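The values are calculated or read from the model by the stated rules, or taken from the named source; none is laboratory data. Keep in mind the model is a prediction, meaning the values are calculated, not measured. Cβ coordinates were reconstructed from backbone atoms using ideal geometry, including for glycine residues, and neighbour counts include every protein chain displayed.
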Amino acid sequence: MNSLGSENANSLLRQIPAVDELLGRESLRALEARVGRRLVVDATRKVLQGLRARISSGTLSNVSAEMLEKEIVAATESAAEFSLRSVINATGVILHTNLGRAPMAREAAEHLAETATRYSNLEYDLAVGERGKRDAHTQGLFARLLGAEMTLVVNNNAAGVFLALNTLASGGEVIVSRGELIEIGESFRIPDICAKSGAALREVGTTNRTRIGDYAAAINDQTRALLRVHPSNFRVVGFTERPTRAELVTLAAQHHLPLIEDLGSGCLIDVAPLGIRDEPWAGESLKAGVDVVTFSGDKLLGGPQAGILTGKKSWLERIRKNPLFRALRVDKLTVSALEATVGLYLRGDLDAIPIFKMIRTPAEEIGARAARLAEKINEAPITAEIRDGESVIGGGATPGQSLPTRLLALRWEGHSARDLEARLRQNSPPIIARVENDEVLLDLRTVLEEQEGEIVQSLARIRREHGIVNIDIK
Ligand SMILES: *Cc1c(COP(=O)(O)O)cnc(C)c1O
């Protein structure tokens with residue numbers, strides 16, 4: 001910087017208003033009343049710091065209090081936003097683990113809100129006026145829906161599998177087929193869970209073929225349980241073999257061993273009539289005689305994060321008595337949301353469960369929604385076209401299967417698809433989309449109808465700002 005430049009900079013630095021002067025301005029005082037002094041002061045300091053840096057580097061030629069005020073308001077507003085926010089899932093992945101898996105039913109959210117803000121009979125038996133058990137609230141529902149003798153609810157399915165193994169197989173061996181030694185996202189690995197539970201893993205068979213005889217040959221006086229695992233997010237195809245559930249039930253019973261089945265996603269109803277193949281449902285496992293069945297609450301069940309352990313009373317009572325059950329139990333919010341969600345199955349109201357509504361929507365209906373939206377969006381410099389595509393269920397359910405859908409393919413003239421994807425992601429609420437072949441793809445299957453307006457508005461804003469030179473002030 002030459003001497004003239006640094007003189008300029010010095011004069012600009014002298015023009016910067018004092019922090020207190022800025023804080024006294026009308027808009028900042030109003031903001032402070034809303035979000036508290038701390039956030040406004042922090043934002044003011046941050047903006048002034050950035051300003052000084054820009055003056056020193058010669059990228060700023062004048063300073064005005066109005067400009068600063070605007071920047072401070074924006075910085076404060078962004079700091080005051082919740083970190084955990086709702087987003088628009090336009091990826092077409094129905095159970096997207098990164099986006100919170102299943103969105104809950106309205107009824108579940110309402111029951112949860114009431115339970116959260118009031119006292120409840122969580123562990124209080126209203127009939128006798130004494131201490132009760134939190135299990136009671138969901139027990140009867142699962143009994144009616146699945147024919148279960150007893151059901152326990154824990155924090156998630158990983159906890160459920162761990163607790164079952166820790167109770168029933170710790171200090172001994174658990175037999176698992178080599179074709180089922182799976183890893184699902186975020187380091188849930190069957191061998192590791194076994195090791196931590198204190199059960200020694202006894203692998204049988206091969207990756208692609210395991211027969212009932214392999215299990216039978218492995219049973220010895222150290223054997224404590226047989227474990228069957230849903231292969232979840234992968235499939236072995238071709239030359240494969242796996243014993244039937246009935247064969248395993250018979251073998252386990254002959255040796256007085258419990259058969260534990262990790263169903264993974266776990267459905268409460270048979271979903272084959274909905275066109276979802278190979279997804280076992282809990283009632284079928286229980287009817288076949290499996291002793292303990294475990295599955296997730298926020299996958300195909302469509303409820304809150306939870307792990308459900310259901311099956312025969314003799315085994316589940318032992319699991320209930322494990323001191324670790326207390327450490328893994330769920331809170332009243334989960335109990336209430338789960339109770340309300342499972343209640344919808346009893347009522348037979350599948351469309352009230354958002355993921356089932358999404359799964360059941362035909363591609364033509366999604367295409368019609370996409371076409372209506374395209375009409376509102378298609379205006380230079382943004383183009384929107386309709387394409388055939390595929391949605392997936394996700395969450396480890398039904399790998400290799402997809403649902404035909406219609407996609408909204410967006411382009412932004414003069415910009416890459418990555419640019420447009422990033423702009424949509426920075427929208428409030430953020431819109432999460434896929435990028436393929438330099439197009440942004442929106443799948444409305446996972447977008448709630450009331451969110452469609454947000455997509456139109458977001459694109460209108462991008463269009464408005466297009467051409468306006470935007471100096472990034474961060
Ligand atoms: C998803 C899954 C789990 C883990 O369930 P969480 O509820 O996420 O803990 C365990 N086993 C299988 C087979 C799964 O698909």
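Values computed for the structure shown
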read-out: Qualifying positions in the stretch 375-401 - surrounded by 18 or more Cβ atoms within 10 Å (Cβ to Cβ) and either more than 30 Å from residue 266 (Cβ to Cβ) or within 16 Å of the ligand (Cβ to nearest atom) (or both); value: 377, 382, 384, 392, 393, 394, 395, 396, 397, 398
read-out: Subset of the stretch 402-414 [out of contact with any Lys or Arg (no Cβ under 9 Å at 6 or more places or on another chain) and either surrounded by 15 or more Cβ atoms within 10 Å (Cβ to Cβ) or not polar (S, T, N, Q) (or both)]; value: 404, 410, 411, 413, 414
read-out: Residue 310 vs. criteria farther than 30 Å from residue 330 by Cα, outside any loop (DSSP other than H, G, I, E, B) and either among the β-branched types (Val, Ile, Thr) or within 12 Å of the ligand (Cβ to nearest atom) (or both); value: no
read-out: Odd one out for residue 51 among (1) modelled with pLDDT of 90 or more; (2) more than 44 Å from the chain's Cα centre (by Cα); (3) buried (at least 17 other Cβ atoms within 10 Å of the Cβ); value: (2)
read-out: Within the stretch 341-374, considering residues that are free of Cβ contacts under 8 Å to residues at least 12 places away in the same chain and small (Gly, Ala, Ser), the one surrounded by the most Cβ atoms within 10 Å (Cβ to Cβ); value: 368
read-out: Residues of the stretch 211-240 classified as surrounded by 15 or more Cβ atoms within 10 Å (Cβ to Cβ), assigned to a loop (DSSP other than H, G, I, E, B), modelled with pLDDT of 95 or more and not aliphatic (A, V, I, L, M), total; value: 1
read-out: Residue match in the stretch 415-430 (condition: over 21 Å from the mean Cα position of the chain (by Cα), within 20 Å of residue 85 (Cα to Cα) and buried (at least 17 other Cβ atoms within 10 Å of the Cβ)); value: yes
read-out: Cβ pairs under 9 Å, 6+ apart, first in the stretch 43-54 and free of Cβ contacts under 8 Å to residues at least 60 places away in the same chain, second acidic (Asp, Glu); value: 43/71; 43/77; 47/71; 51/71
read-out: Exclusive hit being within 19 Å of residue 254 (Cβ to Cβ), in contact with a Lys or Arg (Cβ under 7 Å, 6 or more places away or on another chain) and of a type in the set (D, E, K, R), set 203, 183, 173; value: 173
read-out: Every residue from the stretch 157-182 that is surrounded by fewer than 19 Cβ atoms within 10 Å (Cβ to Cβ) and within 9 Å of the ligand (Cβ to nearest atom); value: none
read-out: Test result for residue 143, outside any loop (DSSP other than H, G, I, E, B), at pLDDT 95 or above and among the small types (Gly, Ala, Ser); value: yes
